[in-house]
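Written out below as C-alpha coordinates is the structure these notes cover.
The values are calculated or read from the model by the stated rules, or taken from the named source; none is laboratory data. Bear in mind the structure is a predicted one, so any value in this text is a computation, not a measurement. Virtual Cβ from ideal backbone geometry, glycine too; neighbours counted across all protein chains shown. Remember, those area values only see protein heavy atoms, side chains included, never the ligands or the DNA or RNA. Shrake-Rupley method; radii C 1.70, N 1.55, O 1.52, S 1.80 Å.
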Amino acid sequence: MNIYLKDVSEQDLSLLFEFQNDPIANNMADFPARTREAFYQHWQQNIFANDQGIAIGIWRNNLLVGHLVSWVNLELATIDEPEVRLIGYWIGRKYWGQGIATQALKLFLQQYISSPVYAYIDAQNQGSLKVAQANGFVDVTPQYPSLFTKDNLLIFKRDSLKD
(Lines give C-alpha, C1' and ligand atoms only; values in the text may rest on other atoms or scores of the structure.)
Protein backbone atom coordinates (compact mmCIF):
# COMPACT_ATOMS: atom_id res chain seq x y z
CA MET A 1 0.00 0.00 0.00
CA ASN A 2 1.57 3.26 -1.13
CA ILE A 3 0.51 5.85 1.48
CA TYR A 4 2.11 9.27 1.61
CA LEU A 5 1.32 12.66 3.12
CA LYS A 6 1.42 16.16 1.67
CA ASP A 7 -0.02 19.53 2.58
CA VAL A 8 -3.71 20.08 1.94
CA SER A 9 -4.29 22.67 -0.80
CA GLU A 10 -7.30 24.74 -1.76
CA GLN A 11 -7.90 22.34 -4.66
CA ASP A 12 -8.26 19.42 -2.22
CA LEU A 13 -11.15 20.98 -0.31
CA SER A 14 -13.86 19.90 -2.74
CA LEU A 15 -13.10 16.21 -2.21
CA LEU A 16 -12.52 16.65 1.53
CA PHE A 17 -15.93 18.34 1.72
CA GLU A 18 -17.53 15.27 0.13
CA PHE A 19 -15.80 12.97 2.63
CA GLN A 20 -17.09 14.99 5.61
CA ASN A 21 -20.55 15.26 4.08
CA ASP A 22 -21.14 11.49 4.34
CA PRO A 23 -24.03 10.81 6.78
CA ILE A 24 -22.66 7.39 7.77
CA ALA A 25 -19.26 8.90 8.57
CA ASN A 26 -20.92 11.75 10.47
CA ASN A 27 -22.89 9.28 12.55
CA MET A 28 -19.79 7.19 13.27
CA ALA A 29 -17.77 10.22 14.37
CA ASP A 30 -20.78 11.83 16.07
CA PHE A 31 -19.84 15.00 14.22
CA PRO A 32 -22.32 16.89 12.05
CA ALA A 33 -21.53 17.72 8.44
CA ARG A 34 -20.95 21.34 7.62
CA THR A 35 -22.58 23.06 4.67
CA ARG A 36 -20.20 23.67 1.76
CA GLU A 37 -19.92 27.36 2.68
CA ALA A 38 -19.29 26.61 6.38
CA PHE A 39 -16.78 23.88 5.49
CA TYR A 40 -14.72 26.20 3.27
CA GLN A 41 -14.95 29.01 5.83
CA HIS A 42 -13.79 26.67 8.61
CA TRP A 43 -10.77 25.56 6.58
CA GLN A 44 -9.87 29.14 5.61
CA GLN A 45 -10.25 30.68 9.07
CA ASN A 46 -9.40 27.85 11.46
CA ILE A 47 -6.97 25.64 9.57
CA PHE A 48 -5.13 27.48 6.80
CA ALA A 49 -4.90 30.72 8.83
CA ASN A 50 -3.77 28.98 12.05
CA ASP A 51 -0.02 29.41 12.54
CA GLN A 52 0.01 26.54 15.04
CA GLY A 53 -2.12 24.27 12.89
CA ILE A 54 -1.09 21.50 10.53
CA ALA A 55 -3.25 20.17 7.68
CA ILE A 56 -1.96 17.20 5.75
CA GLY A 57 -3.64 15.22 3.00
CA ILE A 58 -3.52 11.43 3.03
CA TRP A 59 -2.71 10.04 -0.40
CA ARG A 60 -2.89 6.44 -1.54
CA ASN A 61 -1.61 5.53 -4.98
CA ASN A 62 -1.88 9.19 -6.06
CA LEU A 63 -5.50 9.56 -4.84
CA LEU A 64 -6.51 11.84 -1.97
CA VAL A 65 -8.29 9.58 0.55
CA GLY A 66 -8.50 11.78 3.64
CA HIS A 67 -6.68 14.26 5.85
CA LEU A 68 -5.00 14.73 9.19
CA VAL A 69 -5.07 17.96 11.19
CA SER A 70 -3.42 19.13 14.36
CA TRP A 71 -3.92 22.23 16.47
CA VAL A 72 -3.18 23.59 19.94
CA ASN A 73 -6.08 23.42 22.41
CA LEU A 74 -5.72 25.80 25.34
CA GLU A 75 -8.67 24.23 27.22
CA LEU A 76 -6.52 21.20 28.05
CA ALA A 77 -3.49 23.25 29.11
CA THR A 78 -2.03 22.75 32.57
CA ILE A 79 1.04 24.05 34.35
CA ASP A 80 2.89 20.89 33.34
CA GLU A 81 1.60 21.03 29.75
CA PRO A 82 1.01 24.68 28.80
CA GLU A 83 0.61 23.86 25.10
CA VAL A 84 -1.56 20.84 24.37
CA ARG A 85 -1.66 19.61 20.79
CA LEU A 86 -4.62 17.65 19.44
CA ILE A 87 -4.93 15.63 16.26
CA GLY A 88 -7.86 14.63 14.15
CA TYR A 89 -8.30 12.64 10.98
CA TRP A 90 -11.00 11.93 8.44
CA ILE A 91 -10.87 9.19 5.84
CA GLY A 92 -13.30 8.81 2.95
CA ARG A 93 -15.68 5.95 3.81
CA LYS A 94 -14.79 3.84 0.79
CA TYR A 95 -11.25 3.65 2.20
CA TRP A 96 -12.22 2.45 5.69
CA GLY A 97 -10.94 -0.86 7.00
CA GLN A 98 -7.84 -0.96 4.78
CA GLY A 99 -5.24 0.17 7.32
CA ILE A 100 -4.87 3.56 5.63
CA ALA A 101 -5.71 5.66 8.69
CA THR A 102 -3.40 3.63 10.93
CA GLN A 103 -0.47 3.96 8.55
CA ALA A 104 -1.16 7.63 7.79
CA LEU A 105 -1.37 8.53 11.48
CA LYS A 106 1.90 6.71 12.11
CA LEU A 107 3.59 8.73 9.35
CA PHE A 108 2.00 11.96 10.59
CA LEU A 109 3.22 11.40 14.14
CA GLN A 110 6.73 10.58 12.92
CA GLN A 111 7.00 13.51 10.53
CA TYR A 112 5.02 16.36 12.09
CA ILE A 113 4.26 15.87 15.77
CA SER A 114 6.32 15.80 18.92
CA SER A 115 4.84 14.30 22.07
CA PRO A 116 2.54 14.59 23.84
CA VAL A 117 -0.48 14.69 21.57
CA TYR A 118 -4.18 14.16 22.26
CA ALA A 119 -7.25 13.06 20.30
CA TYR A 120 -10.97 13.34 21.04
CA ILE A 121 -12.74 10.15 19.96
CA ASP A 122 -16.40 9.19 20.17
CA ALA A 123 -16.74 5.98 22.19
CA GLN A 124 -18.87 4.33 19.46
CA ASN A 125 -16.23 4.93 16.79
CA GLN A 126 -14.48 1.57 17.01
CA GLY A 127 -12.42 2.17 13.88
CA SER A 128 -10.97 5.40 15.19
CA LEU A 129 -10.33 3.88 18.60
CA LYS A 130 -8.34 1.07 16.95
CA VAL A 131 -6.34 3.55 14.84
CA ALA A 132 -5.43 5.60 17.92
CA GLN A 133 -4.54 2.57 20.05
CA ALA A 134 -2.41 1.07 17.25
CA ASN A 135 -0.42 4.32 17.32
CA GLY A 136 0.24 4.32 21.05
CA PHE A 137 -2.66 6.45 22.30
CA VAL A 138 -4.23 5.56 25.66
CA ASP A 139 -7.52 6.65 27.19
CA VAL A 140 -6.97 9.50 29.68
CA THR A 141 -10.61 10.59 29.90
CA PRO A 142 -10.84 10.34 33.73
CA GLN A 143 -8.09 12.96 34.02
CA TYR A 144 -10.24 15.59 32.23
CA PRO A 145 -13.78 15.31 33.65
CA SER A 146 -14.62 19.00 33.24
CA LEU A 147 -14.11 19.12 29.48
CA PHE A 148 -17.04 17.06 28.36
CA THR A 149 -20.30 18.19 26.90
CA LYS A 150 -21.01 14.70 25.52
CA ASP A 151 -21.10 11.58 27.66
CA ASN A 152 -19.63 9.46 24.87
CA LEU A 153 -16.55 11.60 24.14
CA LEU A 154 -13.16 10.18 25.16
CA ILE A 155 -9.73 11.80 25.31
CA PHE A 156 -6.75 9.76 24.20
CA LYS A 157 -3.12 10.74 24.73
CA ARG A 158 0.16 9.62 23.23
CA ASP A 159 3.13 10.45 25.44
CA SER A 160 6.12 9.04 23.64
CA LEU A 161 7.24 8.57 20.10
CA LYS A 162 7.41 4.97 19.02
CA ASP A 163 7.60 3.19 15.70
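Evaluated against (1) among the small types (G, A, S); (2) open to solvent by 30 Å² or more (accessible area, probe 1.4 Å); (3) within 20 Å of L109 (Cα to Cα), A49 falls short on exactly one condition, (3).
Going residue by residue through segment 115-130, is there one that turns out to be in contact with a Ser or Thr (Cβ under 6 Å, 6 or more places away or on another chain), buried (at least 17 other Cβ atoms within 10 Å of the Cβ) and more than 15 Å from R158 (Cα to Cα)? Within segment 115-130 (the criterion being in contact with a Ser or Thr (Cβ under 6 Å, 6 or more places away or on another chain), buried (at least 17 other Cβ atoms within 10 Å of the Cβ) and more than 15 Å from R158 (Cα to Cα)), the answer is no, since none of the residues qualifies.
Are any residues in segment 51-70 within 14 Å of Q98 (Cβ to Cβ) and free of Cβ contacts under 8 Å to residues at least 12 places away in the same chain, and if so, which ones? Answer for segment 51-70, where residues must be within 14 Å of Q98 (Cβ to Cβ) and free of Cβ contacts under 8 Å to residues at least 12 places away in the same chain: just L63.
When segment 63-94 is limited to residues that are part of a helix (DSSP H, G or I) and open to solvent by 30 Å² or more (accessible area, probe 1.4 Å), the one that is nearest to P145 (Cα to Cα) turns out to be E75. When K6 is tested against (1) surrounded by 14 or more Cβ atoms within 10 Å (Cβ to Cβ); (2) at pLDDT 95 or above, exactly one condition is not met: (1).
When A38 is tested against (1) in a helix (DSSP H, G or I); (2) hydrophobic (A, V, I, L, M, F, W, C); (3) within 21 Å of L105 (Cβ to Cβ), exactly one condition is not met: (3).
Going through (1) of a type outside the set (S, T, Y); (2) open to solvent by less than 70 Å² (accessible area, probe 1.4 Å); (3) touching a Gly at 6+ places or on another chain (Cβ under 9 Å) one by one, M1 falls short only on (2).
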